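The values are calculated or read from the model by the stated rules, or taken from the named source; none is laboratory data. For clarity, every value in this text was computed on a predicted model and none was experimentally measured. Because the Cβ atoms are built from the backbone with ideal geometry, glycine has one as well, and the counts that use them run over all protein chains shown.
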Amino acid sequence: MTLLKRVLILLLILIGLAAIIVPVVILSLGNKFERKSSRETIDLDLSGKVPEGIRVGRYNSLYDAIQYSVDEAFEDYYRIGNVRDGREIVVIDRVGDADKTVIFIKYDDGTRYILVYIVDLANAYGDEDDDQNAQERDNETCRLNRISLEFIKKKDEPCYSRIEREPILLDLTEEVPSYINLFQMDSQNYIYTIEFCDSFSLYIGTVKYGENLVEENEGDIIQKAVIVDKNGVYPKIKTITYQTDGMQLERKYEFIDEEFKRVDEQIKDFVFTGLF
């Protein structure tokens, strides 16, 4: 697999949620926080016929990548329930699930990858008896509980397993380990990501530059990319973190007063670029 191909595949996973975050959040708010979980459920079989009411979108990717969501004409009355692949139920519907969007990828080596993005209204407020939460309901505000669940089944494996990644320490002054992909953009700019073959088990956590801490691992991460500008005595460093709650966190660091300090931070929903 070529370097460019590996980078493109990893980017597909990282932005796979991009086209679904904003419409799902808007849909989940509803009128006066009507419980969207009370809608009728449509079970989705990834190996079967697509049910009526389910919208299918295909990514123009290197592999067969499909997105499933409820069609706009049905979204006031239906939501996705159980998610299965043939006989195996991968995600069981819960009472609090307000909305689900599913991304399904089949790779050339037989690996099957499922990402299920869930908006959970049942746990959006916390304690139903809490005065602050009651006030939030009266004011029609809500803290959405957004969850990304990932599953993988490799060729000849009998069933899917939940993806759980371990963080690794990245020291930008040391030799690049085998599980890190280093892509040189030009003579001064480099991108560090996890190698595709390890991207289902590892993610970049803490980032250091020798003895200097750049960014600590905060957990709840799908993947992190580190962009380094080596133009200068000390590099300028940017981290792009893709979180399990569907948010993208971008931070910039510069070496100031003998340490790396954060000079900029942006928190945003994924924005689909149309790259794939």
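Pick out the one residue from P177, P158 that is in the same structural domain as D108 (by the TED database), more than 16 Å from Y253 (Cα to Cα) and outside any strand (DSSP E or B). Give the derivation first.
Values: P177 fails: in the same structural domain as D108 (by the TED database).
From the options P177, P158, the qualifying one is P158.
Within the range 257-276, which residues are at pLDDT 90 or above, farther than 24 Å from D186 by Cβ and part of a strand (DSSP E or B)?
So in the range 257-276, the residues at pLDDT 90 or above come out as 257-267.
From what's left, farther than 24 Å from D186 by Cβ: 257-259, 261-262, 265, 267.
Of everything in the range 257-276, those that are at pLDDT 90 or above, farther than 24 Å from D186 by Cβ and part of a strand (DSSP E or B) turn out to be E259, K261, R262, E265, I267.
For residues that are without any contact (Cβ under 8 Å) to a residue 40 or more places away in the chain and either in a strand (DSSP E or B) or in the same structural domain as E150 (by the TED database) (or both), scanning just the range 192-214, find the one that is nearest to Y234 (Cα to Cα).
Taking the candidates together, the pick is K208.
Quick check on my filter: what residues within the range 229-256 are of a type outside the set (S, T, Y) and either outside the structural domain of F183 (by the TED database) or outside any strand (DSSP E or B) (or both)? It would help to see each step written out before you state the result.
Taking the range 229-256 first, the residues of a type outside the set (S, T, Y) are 229-233, 235-238, 240, 243, 245-252, 254-256.
Residues satisfying the conditions are K230, N231, G232, V233, P235, D245, G246.
Which pairs do you get when a residue that is within 17 Å of I163 (Cα to Cα), found in the range 87-101, comes within reach of a residue that is hydroxyl-bearing (S, T, Y) and crowded, with 16+ Cβ neighbours inside 10 Å, reach meaning Cβ atoms under 7 angstrom, with the pair 6+ apart or on two chains?
Qualifying pairs under 7 Å: E88/Y160; V90/Y160.
Only one of (1) modelled with pLDDT under 95; (2) crowded, with 16+ Cβ neighbours inside 10 Å; (3) among the hydroxyl-bearing types (S, T, Y) fails for Y209. Which number is that?
With respect to (1) modelled with pLDDT under 95; (2) crowded, with 16+ Cβ neighbours inside 10 Å; (3) among the hydroxyl-bearing types (S, T, Y), Y209 is out only on (1).
Can you tell me which residue is surrounded by the fewest Cβ atoms within 10 Å (Cβ to Cβ) among those in the range 225-255 that are touching a residue at least 40 places away in the same chain (Cβ under 8 Å) and of a type in the set (D, E)?
Among them, the one singled out is D245.
Among G57, G30, which is at pLDDT below 95, assigned by the TED database to the domain that holds F104 and either loosely packed, with under 14 Cβ neighbours inside 10 Å or over 23 Å from the mean Cα position of the chain (by Cα) (or both)? Give the derivation first.
Values: G30 fails: assigned by the TED database to the domain that holds F104.
Residue meeting the stated conditions: G57.
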